[in-house]
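The values are calculated or read from the model by the stated rules, or taken from the named source; none is laboratory data. Just so you know, these numbers come straight off a predicted model, no measurement behind them. Using ideal geometry, Cβ is built from the backbone for each residue, glycine included, and neighbour counts are taken over all protein chains shown. SASA here: full protein model, heavy atoms, side chains in, ligands and nucleic acids out. Shrake-Rupley method; radii C 1.70, N 1.55, O 1.52, S 1.80 Å.
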Amino acid sequence: MITPTLPAGPAGPPGVSVPAPTTAPVSAPVVVPASAPGAGQAWWRNAVIYQVYVRSFQDGDGDGIGDLAGVRERLGYLRRLGVDGIWLNPFYVSPQRDHGYDIADHCAVDPVYGDLAEFDALVQECRLLGLKLVVDTVPNHCSSQHPWFLAALAAGPGSPERARFHFADGRGPGGALPPNNWRAMFGGPAWSRVTESDGRPGQWYLHLFTPEQPDFNWRHPAVAEEFDRVLRFWLDRGVDGFRIDVAAGLFKHPQLPDSPDPDADERTRDSVNPLAWNQPEVHAVWRAWRAVCEEYTAKDGRDRLLVGEASVPTPAEQAKYVRPDELHQAFFFHLLHAPWDLDHFRTVIAGALEDIAATGSTVTWVLNNHDQVRTVTRFAGGDQVLGPARAAAAALLMLALPGAAYLYQGEELGLPEVTDLPDELITDPIFHRTRSRVGIRDGCRIPLPWSGGRAPFGFSPEGATAHPWLPQPEHFAAHTVERVLADTGSFWHLYREALQLRRSLPQFGEAAVRWLESPPGVLAFARGEGFVCAVNFGDGPSPAPVASAPLLASGPCPPGVLPPATAAWWIHRP
């Protein structure tokens, strides 16, 4: 809860011994820039965007699957939370083999989610509420049911239709072996063999995820032309930007050679094969897309956004994607993968601010998304008390940093990962390709609980008979929107108050981070005139960097003391 700044109180609660707190930031802090001098103030630079996994957000028609009507129904909730906009996961026509990331028509709404009229209504309501609308786009691959791929299968080897994908003859006797040794990120070989029109085994095609998601060949000019059309289609309908799936993908090594570590992607579930990802040609695509966005911005003055899922090894490498004529932003995943460890957090934060700020962009922070274990569970380490406390502290830390932040739906409810789904109910293609639960994503995609004491917890309309597409556990009753709104000490209120302060305090914006000297286990920094944030990563209480009561804290925080697994904000006026 937000509290006023008070005079310094006792050093700690009775029976707890802590060193005397400091009363001001120490001298000679290390300064890390927030952004390059003279950078513009477009809305996206410091925006907080809420990720809506449409399928699990709100069911508007009672079929057990979230849809665009459900999103529109809950926009008031998101406005009340205080976010600046929303990002929609794919809602396009798809066989749903990877829940929308296998797209059969990039310019149409899948009937399970609604239609274009419903989308247009959503655009208008977002505009009325002052919410930006960012939509997902998937340029690396499509569905095996996409008209282009069906035409490629019918046309045969050597055809122009096959040139839009990566078709190749196999190796070994009769071409029975894949063209190279690459493995798919979701398990198994990265190549599948087709049966030609005469019934004989034929060529192989490349798919870095699943066989139902063939990769486009971006060296073919028709692919770039098609995605220029796709961008303009949605920009003409009023979207404010695009989240780009697999932004470090698109181009593969032109010779498609064997990899010295062929199972790297499958082993790590990440895009790390240097022959398949992060090829230099990809940057020309983002320059072209940036030009399209600038064209639309010039027409009406509304800044359009390109934010990329650029999974690359280092902040310095990611900085190449956000140069002034490429993507506006790219998700910074190093914080998402960081363990609960002070040195790790400080290292990745400092690296991001230093390398990305030099480009003139701002860092795009994330703690969770639709592909990751929920923060409450990830930080728990088996401790059901520490998990929520650390997750709340990490959220407050992230929201104190300069730049943009993306919040995954349900994090503001303190939802834990669901880890006990029966095998027969798991829908993730990773599980079905590997028969392993490692890295499966259904547990963070369970439909949201809105109200009531039992499933579907208000996810589907009253009287609906269809069950939610993934089952909600009984313990979701403790995390419904209805309950967290009534509890002023909940995650929801912490997020809301932090977002209000981000909007109202002049210290937020482009102000630099100044690292402060602090006791062991405490990460502390200042921004602007007097704003201080500190997080206690240690196991015991520590002196706070400011003696007064905090403006906002992730848990009980007496004046002068910073309890373990707690973050706090102060406005310090010496």
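Which value, to two decimals, describes the C-alpha radius of gyration of the stretch 311-463 once divided by 2.2 N^0.38 Å?
Values: Rg = 17.6 Å, N = 153, 2.2 N^0.38 = 14.9 Å.
Here the Cα radius of gyration is 1.18 times the empirical estimate.
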So which trypsin sites (Lys or Arg not before Pro) in the stretch 402-496 pass both tests, a DSSP loop state and at most 12 other Cβ atoms within 10 Å of the Cβ?
Arg435, Arg454
Quick one: the Cα spread of the chain along its three principal axes, in angstroms, biggest first?
85, 56, 49
Taking the dipole about the Cα centre of the chain, with the C-beta of Lys and Arg at +1 and of Asp and Glu at -1, give me whichever of Cys293, Gln500, Leu177 is farthest to the positive side.
Gln500
Mind grabbing the accessible area of Asp265 for me, 1.4 Å probe, Å², rounded to tens?
0
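With +1 on the Cβ of every Lys and Arg and -1 on the Cβ of every Asp and Glu, and nothing else charged, how large is the dipole of the chain about its Cα centre, in debye rounded to the nearest 20? List each step's numbers first, then the result.
Numbers: 47 positive and 65 negative charges, 229 e Å.
Its charge dipole is roughly 1100 debye.
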Could you give the size of the charge dipole of the stretch 153-233 about its Cα centre, using +1 on the Cβ of each K and R and -1 on the Cβ of each D and E, expressed in debye and rounded to the nearest 20?
180
What distance in nm separates the two pseudo spin-label positions at Tyr77 and Gln145, each 7 Å out from Cα along the beta-carbon direction?
2.9
Among the lysines, which have Cα under 28 Å from the Cα of Lys299 when same-chain residues fewer than 8 positions away are ignored?
Lys132, Lys320
Scan the chain and note any complete DSSP helix (H) whose C-alpha atoms cover at least 15 Å along its axis and whose Kyte-Doolittle average is 1.0 or more.
386-400
Between Val561 and residues 5 or more places away or on another chain, which pairs have amide H atoms under 5 Å apart, with H built 1.01 Å from N, and which residues are they?
Ala544
With the calculation restricted to Cα positions, what are the radius of gyration and Dmax of the stretch 285-341 in angstrom?
13.8, 47
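Keeping every protein chain present and rolling a 1.4 Å probe, give me the accessible area per residue for the stretch 115-158 in Å².
Normalised by residue count, the accessible surface of the stretch 115-158 is 38 Å².
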Please go through the stretch 428-492 and write out the GluC sites (Glu not before Pro) that DSSP classes as loop and that have at most 14 other C-beta atoms within 10 Å.
Glu462
Compute from the Cα atoms of the stretch 169-251 the Rg and the Dmax, the latter being the longest Cα-Cα distance, and quote both in angstrom.
16.5, 54
Quick note, the stretch 220-359: a/c under 1.5 would make it rounded; otherwise a/b > b/c is prolate and the rest oblate (a ≥ b ≥ c, C-alpha gyration tensor); here it is oblate
Cβ-based net charge around Glu326, under 10 Å, with every Lys or Arg adding one and every Asp or Glu removing one:
+3
Work out, step by step, the length gained on full extension between Val385 and Thr297: first 0.36 nm times the residue separation, then minus their alpha carbon distance; give nm to one decimal.
26.9 nm
Please compute the modelled spin-label separation between Glu225 and Asp423, points set 7 Å along Cα→Cβ, answer in nm with one decimal.
4.9
Have a look at the DSSP beta bridges in the chain and tell me what percent are antiparallel, nearest 5.
55
Portion, in percent, of the accessible area of the chain that falls on carbon or sulfur, probe 1.4 Å:
56
Within 10 Å of each candidate Cβ there may be at most 15 other Cβ atoms; applying that plus a DSSP loop requirement, which GluC sites (Glu not before Pro) in the stretch 237-338 survive?
Glu281
Quick check: Cα centre of the stretch 358-403 to Cα centre of the stretch 540-574, how many Å?
19
Farthest toward positive dipole pole in the chain [+1 Lys/Arg, -1 Asp/Glu at C-beta], among Phe165, Tyr321, Ser361
Ser361
Around Arg79, with a cut-off of 14 angstrom between Cβ atoms, what is the net charge of the other residues, counting Lys and Arg +1 and Asp and Glu -1?
+3
Of Pro402, Val373, Phe345, which is farthest on the positive side of the dipole of the stretch 310-404, counting Cα position, with +1 on Lys and Arg Cβ, -1 on Asp and Glu Cβ, and the Cα centre as origin?
Val373
Nearest 20 debye, what's the magnitude of the dipole of the stretch 464-554 about its Cα centre given +1 on Lys and Arg Cβ and -1 on Asp and Glu Cβ?
220
Which three semi-axes in whole Å describe the equivalent ellipsoid of the stretch 47-158, each the square root of 5 times a Cα gyration tensor eigenvalue, listed largest first?
30, 14, 11
For the stretch 102-133 and the stretch 295-343, distance of Cα centres in Å:
24
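Find the all-direction average of the projected area of the Cα convex hull for the stretch 453-574, expressing the result in square nanometres with one decimal place.
10.4
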Could you tally the net charge around Glu317, taking each other residue with its Cβ under 15 Å from the Cβ of Glu317, Lys/Arg +1 and Asp/Glu -1?
-3
Accessible-area value, Asp383, 1.4 Å probe, nucleic acids and ligands omitted, Å²:
60
Modelled FRET efficiency - R0 30 Å, Asp258 with Leu342, Cβ distances, 0.05 increments:
0.10
